[in-house]
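The values are calculated or read from the model by the stated rules, or taken from the named source; none is laboratory data. Just so it is clear, the structure is predicted and the values come from calculations on it, not from any experiment. Please note: Cβ atoms are built from the backbone with ideal geometry, for glycine as well, and neighbour counts cover all protein chains shown. Each accessible area value is taken on the protein alone, full model and side chains, heavy atoms only, with ligands, DNA and RNA left out. Shrake-Rupley method; radii C 1.70, N 1.55, O 1.52, S 1.80 Å.
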Amino acid sequence: MENIPLHVGLIMDGNGRWAKKRLMPRSLGHNAGMNRVVSLAEHAQKRGIKYLTVYALSSENLARPKEELEGLFNLFRKYFSENVKKLYGQNAAVKIIGDMQGLPHDVAKLLAEGEANSPKEATFCMVFAINYGSRKEIVRAAKLAAESGEEITEKTLEKYLYTGGIPNPDLIIRTGGEIRLSNFLLYQAAYSELYFTDVLFPDFTEKEFDKALKEFSRRDRRFGRV
């Protein structure tokens, strides 16, 4: 496959609907989605992708019912360290973007440790967007840039984004049938190619991922030029 994107963003939508179709609790849909993330990360690395950013929990998602959120946090408590070790074994680093202060303390600590213990010379980076909202990220970056006393330019602003030092996504994939970005990497996505699919995330297999990559390879990216 030619023209592989360097960085792919993934909006993992449809876990709850996947569970509902099977008359299962929504928490089991999130569990299925978490299992899917790990296999897709391994597949992305094999394809030559260097960064995969997954939208695991938006800041708006924190308004969901307490029971559902607690079920999601319990999944992190139960599986995050185990899955991160699998990534380490593939020489993959972990990075967390988002507001960790809005999460339960033990979950935030778990995520921070996953990032801190990453291989130093990793060949792949798995980025988890958790309690993340792009508008808040941009406001935060602007405040930090202003406080630094630097002239606010695109270059200085980008330095203070959560994604500072990471190339902008070449491709953003959204599963689940919705056609919007939902406050995900809005600044970074200025020239990203977008790919939408009706497939619910737990059913988004490596084969489905490759369909998105093939579609990306056919596109002519001009970045505003002729």
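Among the conditions (1) surrounded by fewer than 18 Cβ atoms within 10 Å (Cβ to Cβ); (2) touching a Pro at 6+ places or on another chain (Cβ under 7 Å), K155 misses just one, which is (2). Among the residues of region 198-208, those identified as open to solvent by 50 Å² or more (accessible area, probe 1.4 Å) and in contact (Cβ under 8 Å) with a residue 40 or more places away in the chain are D203, E206.
For region 104-129, a tally of residues being buried (at least 21 other Cβ atoms within 10 Å of the Cβ) and either at pLDDT below 95 or over 21 Å from N168 (Cα atoms) (or both) returns 2. Taking the stated definitions as given, is K211 closer than 28 Å to E70 by Cα, open to solvent by 70 Å² or more (accessible area, probe 1.4 Å) and out of contact with any strand residue (DSSP E or B) (no Cβ under 6 Å at 6 or more places or on another chain)? The answer is no for K211.
Among residues of region 186-197 that are over 17 Å from I138 (Cα atoms) and in a loop (DSSP other than H, G, I, E, B), those with a Cβ under 7 angstrom from a residue that is hydroxyl-bearing (S, T, Y) and at pLDDT 95 or above, sequence gap 6+ or separate chain, pair up as T197/T175.
Can you spot a residue in region 131-140 that is under 28 Å from K46 (Cα atoms) and either surrounded by 15 or more Cβ atoms within 10 Å (Cβ to Cβ) or not acidic (D, E) (or both)?
So far as region 131-140 goes, yes, one or more of its residues are under 28 Å from K46 (Cα atoms) and either surrounded by 15 or more Cβ atoms within 10 Å (Cβ to Cβ) or not acidic (D, E) (or both).
As a summary of the residue check, S148 satisfies the conditions (1) modelled with pLDDT under 95; (2) open to solvent by 70 Å² or more (accessible area, probe 1.4 Å) except for the one numbered (2).
Tell me whether region 174-192 contains one or more residues that are over 24 Å from E60 (Cα atoms), open to solvent by less than 50 Å² (accessible area, probe 1.4 Å) and touching a Phe, Trp or Tyr at 6+ places or on another chain (Cβ under 7 Å).
Of region 174-192, the ones over 24 Å from E60 (Cα atoms) are 191.
Right, trim to open to solvent by less than 50 Å² (accessible area, probe 1.4 Å) and you get none.
No: zero hits.
Can you name every residue in region 1-35 that is part of a helix (DSSP H, G or I), modelled with pLDDT of 90 or more and open to solvent by 50 Å² or more (accessible area, probe 1.4 Å)? Correct list: R17, K20, K21.
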